[in-house]
Structure formats: C-alpha cells, structure tokens
Amino acid sequence: MRIPRYALALSGLMLAGAGASYGQVTPTPPPITTPLPAGNNPAPSGQQTPSPPVAPAAGSAAAPTPTESVPYGAGMKVNLSPDGSKYLRFYTWHQIWTRYTENNSNTERAPGKLQSDQIDFAIRRSRLIVLSQLNPRFLIYTHIGINNQTAVSGGVAPATDAKKPQLFIHEAVVEYKINKYLSLGAGMHYQNGLSRLTRASTLNFLTMDAPLTNWPTIEAIDQFARGIGAYAKGRVSRLDYAFSVNESLLTNQTGAFSTVLGLGATNAATGTNTGRNVAEYNPQGTSHIYQGYLSWEFLELESNFIPFNVGSYLGTKRVFNLGGGFFYNADGMVSRSSSSVISGTGIAELTAAGLTSYNRFPTEKHDIGLWSLDAFFDTPINKETGTAFTAYAVYYNFDMGPNHVRFIGASNPGYGTNARRGNAVPHSGTGQVGFVEAGYLLPKNLLGPKMRVQPYASYLLAGYEGLRTADNEQKNVNIADVGANFYLDGHNAKFTINYRHRPDFSLPTGTPSTVTAPTDVRYRPEITLQTQIFL
C-alpha cells in the first residue's frame, strides 16, 4: 500500500496552520442563545440564533469591539417584517477536496493514458439555497448548485470534460401548512423515503460524506437524489413522517443497455445473442415512484421544517430515533433471461430498430422495491467538557431485478465512461446492505480555545447477487472509513481528514467495463482533506 508522504504532509500542514491561527485568539464569552420559534426556524436543524445584543445605558462607555466572531446563529437572514415572521434566508457552502487516490485497475487519467494514482483537487459540492416565508403557512425555497467537478470530469459533458460545470436546480419547492400535523408541498423536492441518510443534510455529516448507497437510484431515475412530485410531511405526537409520489425521470440511457442486444452477449462464432439475465434501468420506465419514511423520536424532537436530517448535533441535543422507509417503482428495471436467444438475422433487425427493439422482442420487466430500518443516537456526554457521542446504523434491502449491480465513485478522478474507473465501488444492486458510523466529540481546549475535534469511523458491508466469480462465489463489498472533523466554528467552518479502505473490483488485466464477474478484489487507499465553509 503506497501512501505518499507529501499527501500526508500537505494534510497535516493545512490542519496545523488552521489550528494555530485560531488557537492564538483569546475567546470572549458567547452571547446567550435562544431557539427560534418552533415551526418557523429558517436555520438548519440543530442551529440556534443569538439573542440581540443589549444596547449600553445612556452615558455609559461603548462596548469594546469583540476580538472574534460570535456564534453564527441564524446567518444570512433578511427580515421582511419587524417581528421576523416574513423573511428571506440564504445558505451557501463549498466543500473542496484535496485527495490522494490509488486508482482501480486500468484507470485512464487522460485519453489513452493509464495512471495508477494521483493527488488531485475537486469541488465536491458548491450550492446556494434561497428560502422564504411571507406567511407562516407558505414556504418557498430554491436550491441550485454543482457537484463533483474534477480536472477530468464534471463539466458540460460530465464524464469526459471538466470545464464549465452546469449549474442546475436541485430543489424548487412550494409548501402549504394545513395544520400543526400536516404540510403539503410540490415541485423538485428532497422529501425522500427509504432512510434517514437518504434525507441527510450534506452540511453536517458525521463522517466526511455519505456512503452514496443511501441514494440507490441517484441520477438514474431522479435528478441528483431529488424528484418532481408532491409530498405530505408532518409530526403526530412523536411520530415524524414524510410520504411522496414522484415522476420517474427517463434514464436517457445510451450505449449498450439502451437496446435489447445490450442486455445480452453476442457469440462471434455462432452469430447469436443470448440474454445475460442482468437487470438494467428500463429506458421505457414511466411509472410513478412511491416512497416514505417514518421515525419515532424518543427523546428531543428534531426540526422537520426543511428536509435535511442532521448527522451530528455536536452535543447541543439529545436525540434517539428509530425509523423505517420504503421506495417503490413499478417496471423500473428490464432484463433478458439466459433462455432468450436472437439469431443473426434478428440481430440485424434489432440493430436497425434501436430503442424500438424493446417493443419488438420480449424482455422481462422488474419492479424496484427497496426498504430499510435505521437508528440514530446523539447525546452530550459531559456538558462541562463539551464531549458528545453520535451513532447511526441502517439496514437496506434492495430488489432491483436479477443480478443488478451499479458502480459509482464520488468526484471520480478517472477519465472516461468506464464505470469501474478511478475510485468507483459497487454502489447499489439487488441484495442487502448494512452501514454503521460512530463519532466522539473530544473535550474542549484540546487543540486551543476555538478548535474542536471529533474522530469517527464507519463501515459498510454489502452483498449483491450480481457480484459473483465464474465459480458462482459471491464477493461481498467491504468499505471502511476512519477520520476526524476539526471544527473551527461548528459545522459552519471545518476541516475533515478521511482515510478510506476501498475495494477494487476491476480485473488486473482487461477492460473493466466489459467485466461482469470479478476474479480478484484488491484494496486501494484514499486520503482526502475536505475544507468546508457554510454561511
């Protein structure tokens, strides 16, 4: 395992410099904070806003200028009424990666240039949200941004061109509050079902990022884990719920799997094409998506004002939730069984027919049926020292048709359209997935008066029926992450250093995109330094 010294040194210098610069400031006592009114909170879950400062008495000396910023509070909020019930709220954030990656086998870094590893930089997320209430019953918010821009991808042609990434709508939502138990909304929204992590905020993860498996259909039949549709959300007693019905966005799939022939394998000797019995997303899938998530909140209640579940409260709340969710899309997948054989004459006919070949030759349709159970626990340990503990665990059961497996790598550093390039891992498929994460917020003043440290670890174990060797042995997916968050101003300003132990399911030789059965699984390291500022 090769881990370049200059990658570690770069990470260490950046963290040390940040800690030193903040550690030299003499802190001033923070102002007393009060929560915003329940149900009207424009800040993310777990955030609070500071009380207004008291004006000095007449004739008294002016208050000294503080030597450092006060807690962030409600942030960029513009009141449109004296009492603040009508307002505009702005959120913006960047997550920048500095990363060392040992690539999967046969990864190209440029056209025709194989590269085993590299240090690179990436814009993981760059976003803007504008949220407004002009009446306590009406909410409108817009969420735009970009994701995953590297030096080789993420641009106008996402797989092959890194330049000029396209700013796009993540969410465009209107919502009406019926009563204290029910709100209805519509638009491009994030009121997902399935699991707490499928509804997670990207601003306050416990670990550096989500495992991505929590968004199993991302960019296939949705728009970056969002859907166009309508939803109902609310809370009854301690039961928090959200249900939605969305359009299934067309896959716009091109290449091999866009035709019936692509669902099979052609024998050059016999000139026939035989089905592979592997399900892929259905290019003609038009059924609605139904999903929902429910959780019982045993301790403190969480804000459900906007659909972003908090990953770690940093000792500000005591929360214990048990939840469960589902996702269903009829005929969302398509396959050809191994008994389906097309002759040479049929191949010529279907090649000419293109996508209409789905209507000219029998295929098998499969529903996408997903469900999960999860638990979230977050509590302060010692309020004097500021320690806190956070843990989350989830079990997923995915039914996505026979032998389906999909590969994804976040901000993939590999060039091209090869699904197994760069840092890609088996992301979703028919099978079962377990994921667990835990973190501990260390005592105050460990690295100076401002910086807080939160080490964490996570582990994902997945068994997909489509990952089998030629001997029919199933190869499980094991992914381990360890790291630490270094908080300079809570989640609003932090560094995260993360080490990932990642399986490489590419063959040592050959073209990974043509491989269906892994014969060798090697483990590759990734070291990532994420810088996040959120306003």
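Numbers for the structure displayed
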quantity: Cβ crowding within 10 Å averaged over residues, with 96-102, 239-245, 305-311 ranked highest first; calculated: 305-311, 96-102, 239-245
quantity: Hits among lysines - C-alpha to C-alpha of Lys233 under 16 Å, sequence gap 8 or more where chains match; calculated: Lys177, Lys180
quantity: Ellipsoid semi-axes in whole angstrom, largest first, where each is sqrt(5λ) of the Cα gyration tensor of region 404-535; calculated: 35, 16, 11
quantity: Computed E for Lys113/Asp520 - FRET, C-beta separation, R0 25 angstrom, nearest 0.05; calculated: 0.60
quantity: Efficiency of FRET between Asn79 and Ile140 - r from beta-carbon atoms, R0 22 angstrom, step 0.05; calculated: 0.85
quantity: Label-point gap, in nm, between Leu184 and Leu373 - each point 7 angstrom along Cα→Cβ; calculated: 3.4 nm
quantity: Protection proxy ranking, peptides 456-465, 420-429, average beta carbon neighbours within 10 Å, highest first; calculated: 420-429, 456-465
quantity: Extension gain (nm, one decimal) between Leu322 and Thr266, 0.36 nm per residue minus Cα-Cα; calculated: 15.3 nm
quantity: Sequence-distant aspartates and glutamates (8 or more away, or on other chains) whose Cα lies within less than 16 Å of Lys86; calculated: Glu175
quantity: Gln432 versus Gln474: modelled label distance in nm, points set 7 Å from Cα along the beta carbon direction; calculated: 0.8 nm
quantity: Hz values of 3J(HN,Hα) by residue in region 378-394 - Karplus curve (6.51, -1.76, 1.60), Gly and Pro given as x; calculated: 9, 8, x, 9, 9, 5, 5, 8, x, 6, 7, 10, 9, 8, 8, 9, 9
quantity: Dipole magnitude (debye, nearest 20) for region 162-311, charges at Cβ of Lys, Arg, Asp, Glu; calculated: 100 debye
quantity: Options Tyr415, Gln432, Ala375, ranked by Cα towards positive dipole end of region 374-452, top entry (Cβ charges); calculated: Tyr415
quantity: Inter-label distance for Leu294 and Thr92, nm, one decimal - labels placed 7 Å from Cα along Cα-to-Cβ; calculated: 4.2 nm
quantity: Gain in span if fully extended, Leu167 to Thr351, counting 0.36 nm per residue against the direct Cα distance; calculated: 62.7 nm
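Laboratory data are not the source of any read-out in this text; all were calculated from the coordinates shown. Source: prediction; values computed, not measured. So basically every Cβ, Gly included, is an ideal-geometry build from the backbone, and we count neighbours across all protein chains shown.
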